[in-house]
Structure formats: structure tokens, C-alpha cells
Amino acid sequence: MIVRGKVIKLGDKIDTDVIIPAKYLKYTDPQYLAQHVFEPIDPEFHKKAKDCIIVAGKAFGMGSSREQAAIAIKAAGVKAVIAESFARIFYRNAINNGLPAIVCPEITKEVNNGDEVVVNIETGEVIINNTKTVKCKGITGIALEILRNGGLIEYLKKAASGEGNR
């Protein structure tokens, strides 16, 4: 799986209240949630997010276990999130909702806002501006199969129907 896009760079400890504020949790429409993604730090984020790759520091997605955080990011058009570390529950929610989450210590030192990156989800290789390659932790096994199927629900539907997941 290869994804590519322009980097939108964020800092450390981006919590789920910043990703999607609690006042929107009563809504279930992913496109509505996408309009409010990262609203506390950039009310216009959703207009810039299409086909981007988020690069962040440590503890991305910390805070409450709201699944809407990953849903809103993906629905906004973000292709992947690369972070130095993730809150465990956000990481799992991202994979389950078909949003690649790549762990990459020190990535914030390697990229700048607006850089073009190509990410190999399976190997973790990140190519920056066609000039520099950074090795991150790839996604393999069942998590990769879930991503390839577009998320856990689609993965389970195929498994239940006997279609397989590869």
C-alpha cells in the first residue's frame, strides 16, 4: 500500500478533544465530523486536508477513546498519520477505520510543513521530496489486512462471506 501527499505538520500531545471537539460527538455523519476536524487549532483545516499526510510528534490521539477522531481525520481526506508515537486506543481506532497510522520516532525532525511525501504503509519507508528516505515502522499482519479492506467492518464482512481478506 502506497500513499502520497503534502505534509501538514502538528506538534506533540494532540488529543482527541483537539482532533474532534466533544460538542460534535452526537453526530454520526463522517462528512459532518470532517468539517470540524482540528477546529480548535485551525478552523479551516478540513479545507486543506484532502490528500494530505499528517505528521505529528509524541502521543498523537491521547485523551478519550472517541472513535470519531479517526473517522473525522479519514473523512477529511487525510491519507495517513505519521507520528513519533500514538495513544494506543487512537492507533487501534485508526486501523479499524481504515486510516493508516505509522509510528516513526524523530519524524518531526525530518519533514517540514508542505513537504511532499510518499509512504509505503507495509515497509514504513517514507520518501521526502523525492530526495530523502526515512525508515519507520511498517504495518503488517492483520492490521495491514484490515487497512487493505478499508477498515475492520469490511474486513469482517469479507471474512464472514468466505471471500477471504487478501
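So how many residues does region 102-141 have that are in contact with a helix residue (DSSP H, G or I) (Cβ under 9 Å, 6 or more places away or on another chain), of a type in the set (A, V, I, L, M) and without any contact (Cβ under 8 Å) to a residue 40 or more places away in the chain?
Number satisfying all stated conditions: 3.
Could you check region 125-155 and list, in sequence order, the residues that are more than 19 Å from G5 (Cα to Cα) and hydrophobic (A, V, I, L, M, F, W, C)?
Passing the criteria: I142, A143, L144, I146, L152, I153.
Just name the residue that is farthest from the chain's Cα centre (by Cα) out of those in region 21-42 that are of a type in the set (A, V, I, L, M) and crowded, with 17+ Cβ neighbours inside 10 Å. Even if it seems obvious, please write down each step before you answer.
Kept after step one, since they are of a type in the set (A, V, I, L, M), are these residues of region 21-42: 22, 25, 33-34, 37, 41.
Filter once more, so that each one left must be crowded, with 17+ Cβ neighbours inside 10 Å: 33-34, 37.
Numbers: L33: 15, A34: 13, V37: 12 Å.
The selected residue is L33.
Kindly list the number of the only condition in (1) within 15 Å of R88 (Cβ to Cβ); (2) surrounded by 16 or more Cβ atoms within 10 Å (Cβ to Cβ); (3) without any contact (Cβ under 8 Å) to a residue 60 or more places away in the chain; (4) not aliphatic (A, V, I, L, M) that fails for T16.
Checking T16 against (1) within 15 Å of R88 (Cβ to Cβ); (2) surrounded by 16 or more Cβ atoms within 10 Å (Cβ to Cβ); (3) without any contact (Cβ under 8 Å) to a residue 60 or more places away in the chain; (4) not aliphatic (A, V, I, L, M), the one that fails is (3).
Inside region 121-143, can you point out the residues that are of a type in the set (A, V, I, L, M) and either surrounded by fewer than 17 Cβ atoms within 10 Å (Cβ to Cβ) or modelled with pLDDT under 95 (or both)?
Listed by number, the residues that qualify are I127, I142.
For region 107-122, does any single residue satisfy the condition of being in contact with a Gly (Cβ under 9 Å, 6 or more places away or on another chain), within 28 Å of F45 (Cα to Cα) and in a loop (DSSP other than H, G, I, E, B)? Full working, then the answer.
Initially, region 107-122 is screened for residues in contact with a Gly (Cβ under 9 Å, 6 or more places away or on another chain), giving 107-108, 116-122.
Filter once more, keeping what is within 28 Å of F45 (Cα to Cα): 107-108, 116-122.
Retained after the next criterion (residues that are in a loop (DSSP other than H, G, I, E, B)): 121-122.
Among the residues of region 107-122, at least one is in contact with a Gly (Cβ under 9 Å, 6 or more places away or on another chain), within 28 Å of F45 (Cα to Cα) and in a loop (DSSP other than H, G, I, E, B), which makes the answer yes.
The values are calculated or read from the model by the stated rules, or taken from the named source; none is laboratory data. Keep in mind the model is a prediction, meaning the values are calculated, not measured. Using ideal geometry, Cβ is built from the backbone for each residue, glycine included, and neighbour counts are taken over all protein chains shown.
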